[in-house]
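Take a look at the structure set out below.
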Number of protein chains: 2
Amino acid sequence: MAKARVHVTLKAGVLDPQGKAVQGALARLGFTGVDSVRQGKYLEIELGEADPEAARAVVADMCRRLLANTVIEDYAIDVGE
Amino acid sequence: MAKARVHVTLKAGVLDPQGKAVQGALARLGFTGVDSVRQGKYLEIELGEADPEAARAVVADMCRRLLANTVIEDYAIDVGE
């Protein structure tokens, strides 16, 4: 049993309209001094696979095939437990 | 200048249809042995505020007022740099 924490984030230089919208909303609420907001996805995946290295390999394959658009997104995987 | 990393996740027990959809899609791609998928949001916020504790307080206020629905979501904040 392994728990993988996956972060999918836009690559540097890719426009992030969702982050810009959040930044604008924060400004309207009176939060000044916000230089940038970037929004990504966060997933927690529980797997039957017990070996951490095998679990990481499986999750990397999931990222490439489904979870991330690797043209514009990066992914990072932490495996625990 | 501080960089805050914010995770917004559904509280335990709250149904996660987005996570379930990902789990179903993974199964259709042949990834067996996935016990659960929970999807959350991840934000990177750059602030002019230099003091880490002050930055954390500002970001916690942002979470309560905009970024998280605290009825059903939890948030976690890491402040770096």
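Show B:Lys3, A:Lys41, A:Lys20 ordered by accessible area, largest first, where the area counts protein heavy atoms only and the probe is 1.4 Å. Mind showing how you got there, number by number?
On the way: B:Lys3 40, A:Lys41 65, A:Lys20 135 Å².
Largest accessible area first, the list is A:Lys20, A:Lys41, B:Lys3.
Average accessible surface for region A:2-80: 50 Å² per residue, computed with a 1.4 Å probe over protein heavy atoms with every protein chain in place. Which FRET efficiency value, to the nearest 0.05, do you get for A:Ala54 and B:Asp78 by plugging their Cβ-Cβ distance into 1/(1 + (r/R0)^6) with R0 = 45 Å? According to the calculation, E is roughly 0.95. Between B:Leu15 and B:Arg65, full extension at 0.36 nm per residue minus the direct alpha carbon distance yields a gain of 15.7 nm. Chain A residue nearest by beta-carbon to the axis mapping A to B, with distance in Å: A:Tyr42, 2. Per the Debye formula on identical point scatterers at the alpha carbon atoms of region B:2-80, with no solvent, log10 I(q)/I(0) at q = 0.15, 0.19, 0.26 Å⁻¹ is -0.62, -0.80, -1.12.
What angle do you read, to the nearest 10 degrees and between 0 and 90, between the alpha-carbon axis of helix B:17-28 and the longest principal axis of chain B? Once rounded, one gets 50 degrees.
Which net charge results for the neighbourhood of B:Met1, defined as the other residues with beta-carbon distances under 12 angstrom from its beta-carbon, given Lys and Arg at +1 and Asp and Glu at -1?
Details: positive: B:Lys3; negative: A:Asp35, B:Glu46, B:Glu49, B:Asp51, B:Glu81.
Neighbourhood net charge equals -4.
Tell me which of B:Thr9, B:Ala60, B:Gln23 sits at the most positive position along the dipole axis of chain B, charges placed on C-beta atoms (Lys, Arg +1; Asp, Glu -1). The residue sitting most towards the positive pole is B:Gln23.
Between the alpha-carbon centres of region B:1-52 and region A:46-81 there is a gap of 13 Å. Candidate cross-link partners of A:Lys11 among the lysines, defined by an alpha-carbon separation under 23 Å and a same-chain spacing of 8 or more, comprise A:Lys20, A:Lys41, B:Lys3, B:Lys41. With contacts taken as Cα pairs under 8 Å at a separation of at least 6 residues, region B:2-80 carries a relative contact order of 53 percent. Label-to-label distances for B:Leu29 across copies, nearest first, come out at 3.3 nm, using points 7 Å from Cα in the beta-carbon direction.
The values are calculated or read from the model by the stated rules, or taken from the named source; none is laboratory data. All values derive from a computational prediction rather than experimental measurement. No Cβ is skipped: glycine too gets one built from the backbone with ideal geometry, and neighbour counts run over all protein chains shown. Please note that ligands, DNA and RNA were not included when accessible areas were found on the heavy atoms of the full protein model with its side chains. Shrake-Rupley method; radii C 1.70, N 1.55, O 1.52, S 1.80 Å.
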